[in-house]
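Working notes, beginning with the structure itself.
The values are calculated or read from the model by the stated rules, or taken from the named source; none is laboratory data. In this text, all values refer to a predicted model and were calculated from it rather than measured experimentally. Methodologically, a virtual Cβ is constructed for each residue, glycine included, from the backbone with ideal geometry; neighbour enumeration extends over all protein chains shown. Heads up: the accessible areas ignore ligands, DNA and RNA and are worked out on the full protein's heavy atoms, side chains in. Shrake-Rupley method; radii C 1.70, N 1.55, O 1.52, S 1.80 Å.
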Amino acid sequence: MDMTRLLSISLGAILVNNFILVQFLGICPFMGVSKKMDTAVGMGFAVIFVMGLASALCYPVNLLLVKLDLEYMQTVAFILVIASLVQFVEMFLKKSMPSLYEALGVYLPLITTNCAVLGAVLLNVQENYNFIESVVYGITGGVGFLLAIVLFASIRERLQFSEPPKAFRGFPIALVTAGLMALSFMGFSGLKVW
């Protein structure tokens, strides 16, 4: 396995092609769960877990679909795998971390429809990644999600103590902040990934 290729995939997923700030996938939990740092971190780790496992489990599912000449069923099959994984994560968090489960609220089941998770799996197929590359892309895509949501949550916590103009209070200042963060991540687009 070429470590340079894995490093390139990792840097691309975390910085250059960040799911939230560059590809604009997964915006719903990004905006909804980022008011507090602890819930943002919890959601970030849940997304890392689901993206990594979804990438690992969808790889053999895709091989089976290709073998049976059913490639047109990829999206449906991948959504079923992702929904099952999210149910597992939800049951685990409810049992072992009830405070985080309550804090995430409705956004935890929304991981099922989080287009960043489905996007990672579909991009694995589109880029023709092998199993290891798929898992690395899934995990590091989740790390990029975690990085973006934690940075955004830290800024939003500080914004609570600021006095923006009346028209920008609340959600509008959050949107402006997200836009500025996206602009800053666009600076990584010139980063040379091998």
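Is the chain rounded, prolate or oblate when judged by the Cα gyration tensor, a ≥ b ≥ c being the square roots of its eigenvalues, rounded requiring a/c under 1.5 and prolate requiring a/b larger than b/c? The shape class here is oblate.
Centre-to-centre, using Cα atoms only, segment 1-73 and segment 130-153 are separated by 6 Å.
Per-peptide packing, taken as the mean over residues of other Cβ atoms within 10 Å, places 177-184, 53-60 in the sequence 53-60, 177-184 from highest down. Relative to the dominant Cα principal axis of the chain, helix 171-186 is inclined by about 50°.
Counting only protein heavy atoms and a probe of 1.4 Å, the accessible surface of the chain is 69% carbon and sulfur.
Relative to the dominant Cα principal axis of the chain, helix 37-67 is inclined by about 20°. Take every Cα pair under 8 Å whose residues are at least 6 apart in sequence, average their separation, divide by the length of the chain, and the relative contact order is 42 percent.
Every Cα-Cα pair in segment 67-110 was counted, and those over 13 Å apart are 60% of them. Computed from phi, the 3J(HN,Hα) profile of segment 93-102 under the Karplus parametrisation 6.51, -1.76, 1.60 (θ = phi - 60°) reads 5, 4, 7, 9, 9, x, 5, 5, 4, 5 Hz, with x in place of Gly and Pro.
Based on Cα contacts under 8 Å between residues 6+ apart, segment 71-180 shows a relative contact order of 20 percent.
In a Gaussian network model over the chain where Cα atoms closer than 10 Å are linked, find which of Val41, Val16, Val106 has the largest mean-square fluctuation. Of Val41, Val16, Val106, the most mobile in the Gaussian network model is Val106. Per-residue packing, averaged as other Cβ atoms within 10 Å, sorts the ranges 144-154, 66-76 into the order 144-154, 66-76, beginning with the highest.
Of the whole protein surface, Ile132 contributes about 90 Å² of accessible area at a 1.4 Å probe radius.
Between Leu64 and Phe88, take the C-beta separation as r, use R0 = 22 Å, and let me know the FRET efficiency to the nearest 0.05. It comes to 0.60.
For Lys95 and Val41, a Förster radius of 22 Å and the Cβ-Cβ distance give a FRET efficiency of 0.70, rounded to the nearest 0.05.
Suppose only helical runs count, i.e. DSSP H with n ≥ 4. What mean residue ellipticity at 222 nm does that imply for the chain under -39500 (n - 2.57) per run, divided by all residues and rounded to the nearest 500 deg cm²/dmol?
-23000 deg cm²/dmol
Exposure check, 1.4 Å probe, all protein chains in place: Glu90 carries approximately 30 Å² of accessible surface.
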